Amino acid sequence: MKLQISGSSIELVQGDITRQATDAIVNAANASLAGGGGVDGAIHRAGGPAIMRETRAKHPDGCATGQAVITSGGNLPARHVIHAVGPRYGDGRRGEPALLASAYRRSLEVAAENACRSVAFPSLSTGAYGYPIDEAARVALAAVIDFLRQHAAIELVRFVLFDETAYAAFRRAAAELLPDGWGCKWSHPSCR
Ligand code: AR6
């Protein structure tokens, strides 16, 4: 599914973020940038040890929740990895939505500062960190739409959703947030 926001596009696809040839892919990292499971494990496995070496050298103090830092992409098709730290979900009243929105916004700011025009995101915080997928999808899309309305530097944001549940949640959120502006340029029957 493809959405148009000002001069930029948002794509929703189901797939594996490590295979994306965008200028940058975003990692769902932890605050110590220590590596882990989920997307983080997959990115370091596919990208090779150079990413962790650079992370340790450039960001020895880690990265606060809601923030993002950048490294090169090692062996990945993407040139850069942006390591973003989403919040662990508690009860939803501990600032989780603002921290999650910040992780998306900061990732895009860091991408723009590093001349990236296309960025692929996983669904931050919705695996090990337990953020409910429907709420997370709304926060993620709203944050990206807000950013793209104000900045022309990023031409493409692709959400790469690992499973059908996450993909469906993002599609529902897109239909809610942009009731007139969503649609698939390929017109798959399933996208109508
Ligand atoms: N491509 C795209 N999405 C993926 C992939 C992939 N290859 N693999 C998993 N997902 P998670 P978090 C989805 O747990 O919740 C790590 O240990 C997955 O289905 O990766 O932000 C870090 O080191 C889920 O929907 O990230 C942190 O300690 C989404 O990515 C912690 O987990 C996010 O799941 C971060 O937790």
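Structure summary
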quantity	calculated
Tabulated pairs, the stretch 76-101, first farther than 12 Å from E135 by Cα, second more than 13 Å from the ligand (Cβ to nearest atom) and in a loop (DSSP other than H, G, I, E, B), C-beta under 6 angstrom, 6+ apart or interchain	P77/A21; R79/D23; R79/G73; H80/G73; V81/G73
Residue under evaluation E109, criteria (1) more than 12 Å from the ligand (Cβ to nearest atom); (2) assigned to a loop (DSSP other than H, G, I, E, B); (3) under 28 Å from L177 (Cα atoms), criterion not met	(2)
Test: residue in the stretch 125-137 that is within 11 Å of the chain's Cα centre (by Cα), open to solvent by less than 40 Å² (accessible area, probe 1.4 Å), more than 12 Å from the ligand (Cβ to nearest atom) and modelled with pLDDT of 95 or more	no
Hey, G66 open to solvent by 20 Å² or more (accessible area, probe 1.4 Å) and within 13 Å of the ligand (Cβ to nearest atom) or not	no
The stretch 155-178, residues that are over 13 Å from the mean Cα position of the chain (by Cα) and either basic (K, R) or open to solvent by 50 Å² or more (accessible area, probe 1.4 Å) (or both)	E155, D163, E164, T165, R171, R172, E176, L177
Residue match in the stretch 146-154 (condition: touching a helix residue (DSSP H, G or I) at 6+ places or on another chain (Cβ under 9 Å), open to solvent by less than 10 Å² (accessible area, probe 1.4 Å), within 24 Å of T18 (Cα to Cα) and not in a helix (DSSP H, G or I))	yes
Filtered residues of the stretch 114-124 (kept if small (G, A, S), buried (at least 24 other Cβ atoms within 10 Å of the Cβ) and either in a strand (DSSP E or B) or more than 6 Å from the ligand (Cβ to nearest atom) (or both))	A120
Residue ID - nearest to the ligand (Cβ to nearest atom), chosen from residues in the stretch 19-57 that are β-branched (V, I, T) and assigned to a helix (DSSP H, G or I)	V39
Number of the exception - G47 against (1) surrounded by fewer than 16 Cβ atoms within 10 Å (Cβ to Cβ); (2) within 17 Å of P77 (Cβ to Cβ)	(1)
Cβ-Cβ under 9 Å pairs, at least 6 apart or on other chains, the stretch 162-176 side touching a residue at least 60 places away in the same chain (Cβ under 8 Å) and charged (D, E, K, R), far side more than 14 Å from the ligand (Cβ to nearest atom) and open to solvent by less than 30 Å² (accessible area, probe 1.4 Å)	R171/M1; R171/C191
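The values are calculated or read from the model by the stated rules, or taken from the named source; none is laboratory data. Source: prediction; values computed, not measured. Counting neighbours? That spans all protein chains shown, and the Cβs are built from the backbone with ideal geometry, glycine included. All accessible areas refer to the heavy atoms of the entire protein, side chains included, with ligands and DNA or RNA removed. Shrake-Rupley method; radii C 1.70, N 1.55, O 1.52, S 1.80 Å.
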